[in-house]
Amino acid sequence: MDTMIGIIGGSGLYEIDGLSDAAWQTVETPWGAPSDRILTGTLDGVKMAFLPRHGRGHVQTPSTINYRANIDALKRIGVTDVISVSACGSFREDMAPGHFVIVDQFIDRTFAREKSFFGPGCVGHVSVAHPTCPRLSAACEQAARDEGITVHTGGTYLAMEGPQFSTLAESRLYREVWGCDVIGMTNMPEAKLAREAELDYASVAMITDYDSWHPDHGEVDVTQIIATLTGNSDKARGMVKRLPTLLGASRGVCEHGCDRALEFAIMTAPDKRDPALVAKLDAVAGRVLK
């Protein structure tokens with residue numbers, strides 16, 4: 001199978017550089033419109049796709065992003081490996097603004113979003129015990145280190161609904177009681193949907209601030225976040241440029257089973273499945289529903 005790397009760019013990252021045959025294309029999905037058109041091209045002989053999560057100009061809030069359409073659109077055009085790049089706050093002194101964290105776990109505290117492609121008429125259950133792909137995460141870590149970025153391996157991401165930042169009490173709870181490492185608003189249900197779509201998924205958290213727990217940091221200030229965001233975005237573009245060489249133009253079966261997550265997930269008997277929902281699942285689950 002040919003590798004196609006899909007980058008979902010978060011706050012501050014609205015494009016990637018150096019693509020050959022670059023073109024923005026409109027992708028229609030049965031789940032509605034994605035956040036924006038998708039930039040496709042090749043980089044060092046590897047096919048690439050880039051989707052600005054909030055849309056160019058940052059027009060979508062974390063809660064209004066159509067996560068299902070975004071993941072479906074990437075799967076529909078042939079993406080095999082999805083790398084999420086997102087701005088996050090830190091709960092750890094050593095995970096400082098400007099550092100990157102390769103996330104490997106999530107706690108989902110969102111409540112106003114569609115979280116699954118499946119539903120009545122076609123019930124499916126996938127495991128998200130290990131929600132990110134170790135192979136893809138390792139490539140992101142290596143790319144970041146090669147770029148000279150301070151990167152931390154492993155971390156738990158607390159996904160909050162937003163759009164407001166945490167209260168001090170919430171920040172202390174997530175840090176001291178729940179043991180979270182970073183906080184953001186967009187990786188859920190994105191990671192869950194990527195698993196349902198049998199896409200390898202990795203999450204790179206770009207630290208912008210210390211949230212509100214830090215005694216010397218004060219309240220989260222958007223102007224400070226934007227300043228750090230700019231520097232992080234430059235680093236992220238450098239990291240992305242190194243990924244094609246690390247991942248290669250062709251790929252085999254994922255040794256961790258990410259690309260076979262639906263193998264035994266569909267519970268609804270074939271004769272009881274809703275044809276309309278099955279039709280909507282053509283890109284996401286067509287492999288197992290045919």
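Overview of results
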read-out	value
Ordering of 269-275, 245-251, 83-89, 209-215 by burial proxy (mean other Cβ atoms within 10 Å per residue, highest first)	83-89, 209-215, 245-251, 269-275
Among beta bridges that DSSP assigns inside the chain, antiparallel share in %, nearest 5	40 percent
Linear extension gain, residue 260 paired with residue 290, 0.36 nm per residue minus alpha-carbon span	9.3 nm
Residue (of 171, 83, 253) at the positive-pole extreme of the chain, dipole from beta-carbon charges	253
Tilt relative to the chain, helix 222-247 - C-alpha long axis, 0 to 90 degrees, to 10	50 degrees
Stokes-Einstein D (µm²/s) once Rh is taken as the Kirkwood radius of the chain over alpha-carbon pairs, at 37 °C in 0.692 mPa s	172 µm²/s
Percent RCO, i.e. relative contact order, over the range 101-247, from Cα pairs under 8 Å lying at least 6 residues apart	34 percent
For the range 98-147, projected area of the alpha-carbon convex hull averaged over all directions, nm²	5.5 nm²
Cα pair distances in the range 47-104, grouped into 10 Å bins until the bin that holds the longest one, percent each	17, 41, 33, 9, 0
Size-normalised alpha-carbon gyration radius of the range 210-288, reference 2.2 N^0.38 Å	1.91
Given charges at beta-carbon only (K, R positive; D, E negative), |dipole| of the chain in Debye	780 debye
Added length on full extension, which subtracts the Cα-Cα distance from 0.36 nm per residue, residue 227 to residue 164	20.8 nm
The range 143-217: radius of gyration over Cα atoms, expressed as a fraction of 2.2 N^0.38 Å	1.24
Computed log₁₀ I(q)/I(0) - Debye formula, equal Cα scatterers, no solvent, the range 86-234, q 0.12, 0.17, 0.20 Å⁻¹	-0.50, -0.97, -1.26
Within the range 70-156, GluC sites (Glu not before Pro) in DSSP loop having at most 11 other beta-carbon neighbours inside 10 Å	93
Residues with amide H under 5 Å from that of residue 49, placed H, sequence gap 5 or more	5, 6, 7
Alpha-carbon centroid distance for the pair the range 41-71 / the range 111-176, whole angstrom	17 Å
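Every number in this text was worked out from the coordinates using simple rules, so none of it is lab data. Since we're looking at a predicted model, the values are computed, not measured. Methodologically, a virtual Cβ is constructed for each residue, glycine included, from the backbone with ideal geometry; neighbour enumeration extends over all protein chains shown.
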